[in-house]
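The values are calculated or read from the model by the stated rules, or taken from the named source; none is laboratory data. All figures in this text were calculated on a predicted structure; none of them were measured in a lab. Don't worry about glycine lacking a Cβ; one is built from the backbone with ideal geometry, like all the others, and counts go over all protein chains shown.
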């Protein structure tokens, strides 16, 4: 009953189901809706696990063969649907299997001469007497499962409550990143402007270097021309010096020849005067 009350507390009216209760029980219909899939699974395992017993009690005209095979199959179905990380332990699973096996063995021990109503009443009484011992641990396990579901819901709500703080923290981090990005963009713009200024200065320096190279080439050409002119002048001067030296030699020779002739003429003139003196004396 405690598990049924916990399951009922998770249910709400049908008009609000589409907003808050998205999961519907496929056997009960629209009036049984649940907030989470774990609550729906717990409802199916708790409320629809004993339909075979109810069918045996209500429809007593069912043949004996179907009565024999219905409850063990339902037990096996229960043991397979309750296999969950937070459900029964291995000991409970083994006890369920042993219970189903003992029930099947007892059904096979029914005398063949029992027929009709006696056989069905005997089976139903055995099922009810054994099912009472089976419901108590099952309800305890369902309570444990519901507690686990509530703990999971509380953990989910706690995480949802922590979500705004995380979002605020992420928003602060994003704001810091945006500020850093804006600062980096500003620094990048400053670097680009400085790069443009330096590029302009480099271009001007290159143009000045080209102009200076042109002036230097022109100056070198003028210097080469002047050197050529100086070489020509030097060669002309050397030729003039050589001509002057040759002229001096010729003049010196001419003067020496002239002096020699003067000396010879004076000597001849002196001899002539001497001869004239002798002729005068003789005459």
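Things worth noting here:
- With respect to the conditions (1) more than 19 Å from residue 37 (Cβ to Cβ); (2) surrounded by 10 or more Cβ atoms within 10 Å (Cβ to Cβ); (3) within 34 Å of the chain's Cα centre (by Cα), residue 161 lacks only one, and its number is (2).
- Filter result for residue 202 (at pLDDT 85 or above and either in a helix (DSSP H, G or I) or in the same structural domain as residue 37 (by the TED database) (or both)): yes
- Flag not set for residue 174, criterion: loosely packed, with under 10 Cβ neighbours inside 10 Å, on the phi < 0 side of the Ramachandran plot and out of contact with any strand residue (DSSP E or B) (no Cβ under 8 Å at 6 or more places or on another chain).
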